[in-house]
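To start, the structure itself, in structure tokens.
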Amino acid sequence: MLTTVRGFKDILYPQSELFTAIEIAAREIFKIYNYKEIRLPTVEYYELFVKSTGETTDIVEKEMYKFEDQSKRMLALRPEGTPGIVRAYINSNLNLKGENSKFFYIGNMFRAERPQAGRYREFEQIGAEYLGNASPYADAEVIMMLDSFLKKLGIKSYTPEINSIGCTECRKKYRGVLINHLKNIDLCDDCKNRIGRNPLRVLDCKTDRDKLKDIPHIELCTDCRTHYESVKNILTTNNLKFKENYFLVRGLDYYTRTVFEFKTDQLGSQDAVASGGRYDTLVKSMGGPDSPSVGWAAGVERIAMLVEKNDTLIKEKDLFFVVSMDKAYSEYCLKILTELRKNNIRADFSNFSVSIKSQLRSANSNGAKYALIIGDDEYKTNTITLKNLSNGEQKKTNLNEIIQIMH
Ligand code: HAM
């Protein structure tokens with residue numbers, strides 16, 4: 001039997017409907033905050049991610065699906081959306097368009113991580129990027145927008161965690177202090193490797209967390225400190241509750257200053273529903289204009305796990321199921337179906353040639369609210385027997401009456 005590839009999955013109904021509802025809620029929020037959609041390609045040059053996500057990150061080093069195409073070009077399935085947005089922004093001179101450079105994307109990402117609950121090799125991200133604005137109000141806006149999005153979905157069980165990892169200068173100074181401390185700690189093998197290459201990442205390690213309790217915090221320069229204090233003040237003034245977490249450093253190379261994760265205790269070890277931060281130097285380092293930026297991405301599978309029990313999100317119209325007592329009435333039944341659908345009423349049927357019992361079984365398995373039963377009398381008098389499938393009540397009526405009631 002052919003199966004899906006490990007870490008890849010089918011999303012079946014009604015989960016598929018839940019994913020759609022989450023995407024619709026996101027689109028509504030993005031409209032309100034004036035973010036414009038960019039549909040990004042799934043495949044990019046491998047180089048793009050090396051230059052942006054970062055050569056020493058787990059994503060690029062271990063998790064990328066990279067391959068050579070027929071022309072021997074090294075390509076990759078995108079592991080995240082930010083590099084593609086930055087590339088599009090530079091390629092299409094979007095900074096010159098005279099409007100706010102606020103973008104969103106919805107799409108599947110690929111990372112060859114070890115699969116587990118809430119962690120897949122193909123997963124969907126909904127992301128937002130605010131390019132070209134260095135103000136703390138931009139940080140606060142994207143964080144507040146993420147909060148509104150999750151609230152709109154009825155999700156309450158999360159805590160926004162924030163931190164500042166400073167600018168390149170702050171980190172350069174901190175690097176020495178950090179390495180000096182880390183040298184005296186017996187770290188896990190991964191972290192031993194990180195010390196020389198990217199010591200900040202050690203702070204993110206769950207295995208070594210207890211050993212790092214006394215590690216000195218980063219000392220921010222005046223500008224970075226002022227920025228961080230402003231972001232926190234704006235959030236507090238706007239009643240957005242957050243927790244500061246000095247160990248939050250994020251696993252991608254492009255971040256500067258503010259970083260954040262919306263964490264939940266409902267999903268086991270995959271506890272980040274959404275995460276992001278500021279990336280002030282990325283656009284310029286990729287050959288674009290100086291465009292300090294900030295953004296986030298949310299994992300749709302993880303959001304779906306948090307809203308799964310809340311089926312009010314999927315508000316489908318009532319389904320009417322047309323059932324025929326005899327295949328001789330098929331044409332009449334089809335006419336009813338067509339009229340209902342023309343009038344925006346959700347309607348379906350199974351097979352007019354099989355027993356009425358079997359047709360009603362189909363109605364039930366499709367979650368129909370009503371059966372429209374057509375027998376000899378209904379056929380001759382141009383009427384319909386409308387049966388409420390939840391309480392069994394039925395009455396004789398006709399198409400016009402049903403259409404009128406449903407409007
Ligand atoms: P990230 O933290 O790598 O950031 O991913 C963002 C979110 O995607 C995570 O919080 C999580 O919900 C979801 N996610 C990540 N990996 C997986 C996986 N293997 N399976 C399921 N869900 C996953 C970024 O991707 C940045 N581009 C975010 C960003 C945008 N920063 C600035 N702008």
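The values are calculated or read from the model by the stated rules, or taken from the named source; none is laboratory data. Quantities reported herein were computed from a predicted structural model and do not represent experimental measurements. As a convention, Cβ positions derive from the backbone with ideal geometry for all residues, glycine included, and neighbour counts pool all protein chains shown. Side chains are part of the model used for accessible areas, which takes the heavy atoms of the whole protein and leaves out ligands, DNA and RNA. Shrake-Rupley method; radii C 1.70, N 1.55, O 1.52, S 1.80 Å.
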For the stretch 1-151, the Kirkwood Rh over every pair of distinct alpha carbons, in Å, works out to 17.2
For the stretch 14-29 and the stretch 126-199, distance of Cα centres in Å:
28
Given charges at beta-carbon only (K, R positive; D, E negative), |dipole| of the stretch 320-406 in Debye
220
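Size of the dipole of the stretch 215-328 about the Cα centre, Lys and Arg at +1 and Asp and Glu at -1 on the beta carbon, nothing else charged, in debye to 20?
140
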One can check that the equivalent ellipsoid of the chain, built from the alpha-carbon gyration tensor with semi-axes equal to the square roots of five times its eigenvalues, has lengths in Å, largest first, of 53, 22, 21
Over the chain, with neighbouring protein chains present, the accessible area per residue in Å² at probe 1.4 Å is 51
In debye, nearest 20, what is the charge dipole magnitude of the chain about its Cα centre with +1 on Lys and Arg Cβ and -1 on Asp and Glu Cβ, if you could check?
160
Ranked by GNM mean-square fluctuation in the chain (Cα springs under 10 Å), the top entry among Gln15, Gln116, Gln394 is Gln394
Accessible surface of Arg27 - all protein chains present, 1.4 Å probe, nearest 10 Å²
90
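Quick one: order His227, His217 from most to least accessible surface, probe 1.4 Å.
Greatest to least solvent exposure: His217, His227.
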Go through the stretch 272-282 residue by residue and turn each phi into a ³J(HN,Hα) via Karplus (6.51, -1.76, 1.60, θ = phi - 60°); whole Hz please, and just put x for glycine and proline.
9, 6, 7, 7, x, x, 8, 9, 6, 10, 4
Of Gln359, Gly132, Val300, whose Cα points farthest to the positive end of the dipole of the chain (charges on the beta-carbon: +1 Lys, Arg; -1 Asp, Glu; origin at the Cα centre)?
Gly132
How do Arg194, Arg39, Arg278 rank by accessible surface area computed with a 1.4 Å probe, from largest to smallest?
Arg39, Arg194, Arg278
Given the candidates Val323, Thr264, Ile374, the one whose Cα lies deepest towards the positive end of the charge dipole of the chain, counting +1 at each Lys or Arg C-beta and -1 at each Asp or Glu C-beta, is Thr264
Of all the accessible heavy-atom surface of the stretch 35-165, with the other protein chains kept in place and a 1.4 Å probe, what percent is carbon and sulfur?
47
Sort all Cα-Cα distances of the stretch 320-406 into consecutive 10 angstrom bins from zero, then give the percent of pairs in each bin up to the one containing the longest distance.
19, 58, 23, 0
Put +1 on the Cβ of each Lys and Arg and -1 on the Cβ of each Asp and Glu in the chain; which of Thr207, Ile405, Tyr254 then has its Cα farthest toward the positive end of the dipole?
Thr207
Eligible lysines near Lys151 by straight Cα distance, threshold 19 Å, same-chain separation 8 or greater
Lys31, Lys241, Lys243, Lys263, Lys309, Lys315
Accessible surface of the stretch 320-406 [probe 1.4 Å, protein heavy atoms]: carbon and sulfur percent
46
